[in-house]
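Rule-based calculations on the coordinates, nothing more; no lab input. If you're wondering where the values come from, they're calculated on a predicted model, not measured in any experiment. Positions of Cβ are generated from backbone atoms using ideal geometry, with glycine treated the same way; all protein chains shown enter the neighbour counts.
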Amino acid sequence: MNINGHELFKAFHRIKKSSMGRIHKCLMKDLKPHEFFMLKTLKKMYEQEQQEAQTNNLPLAPGVKISQLSRETAISMPGVSQTISTLEKHGYVERIASSKDRRLVYVNLTEAGRHLETDVSKSCFQIYDEAATLLGEEDAQALVRLLDKLAFAFDQIDRNHCDPEQPEKTERKTT
């Protein structure tokens, strides 16, 4: 059988559906996967800000700006704002207005959001640990090596085809 991009895509879809389906059913309850990944991104970004503030002896902001989340996730500001509103409605995040500039709003996880992110993340690693055990050491290492190789190929494709630094190579008619 000749494997092409479509077959590779379908295989990844099956993996995503089986692993994320289990996680979603068991743990995420009322959240969609993209909403959970926004929680993960928010947690990671705030931890980075904490580290940077501590390292550079700077004051720590009470959260992350929506514009920063938008840049990090490559999701539009309205899209991020909508996701944050849903997470806020479920009690997983809170919006914190700046005391100096009321137009500036930060977002951070609530205690419930931190617990959910931690629980789901632990369960994700547990599922992948079980899968690695079932695959066996040799196959698991081969899979990691091939996935790293695939990630490198995608990066190379991005550099070759999607580099925003490259000027567009279109010809203009001058008549």
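A few points about this structure:
- Residue tally, condition under 15 Å from residue 30 (Cβ atoms) and either free of Cβ contacts under 8 Å to residues at least 40 places away in the same chain or within 16 Å of the chain's Cα centre (by Cα) (or both), over region 94-126: 7
- Candidates 53, 61, 97 - the one that is crowded, with 17+ Cβ neighbours inside 10 Å, more than 26 Å from residue 32 (Cβ to Cβ) and not acidic (Asp, Glu): 61
- Count of region 82-129 residues which are in contact with a helix residue (DSSP H, G or I) (Cβ under 8 Å, 6 or more places away or on another chain) and of a type in the set (Gly, Ala, Ser): 4
- Test: residue in region 61-76 that is over 17 Å from the mean Cα position of the chain (by Cα) and of a type outside the set (A, V, I, L, M): yes
- Hits in region 39-67 (condition: in a loop (DSSP other than H, G, I, E, B), touching a Phe, Trp or Tyr at 6+ places or on another chain (Cβ under 9 Å) and of a type outside the set (A, V, I, L, M)): 62, 63
- Among (1) closer than 16 Å to residue 118 by Cα; (2) part of a helix (DSSP H, G or I); (3) free of Cβ contacts under 8 Å to residues at least 40 places away in the same chain, the one test that residue 91 misses: (2)
- Taken over region 145-165, the criterion of being in a helix (DSSP H, G or I), farther than 23 Å from residue 33 by Cβ and of a type in the set (A, V, I, L, M, F, W, C) is satisfied by 146, 152, 153, 157.
- Residue tally, condition of a type in the set (S, T, N, Q) and under 15 Å from residue 45 (Cβ atoms), over region 62-86: 5
- Residue 43 within 24 Å of residue 28 (Cα to Cα), out of contact with any His (no Cβ under 7 Å at 6 or more places or on another chain) and exposed (fewer than 12 other Cβ atoms within 10 Å of the Cβ): no
- When 70, 85, 123 are checked against the criterion of being surrounded by 16 or more Cβ atoms within 10 Å (Cβ to Cβ) and assigned to a helix (DSSP H, G or I), 70 stands alone in meeting it.
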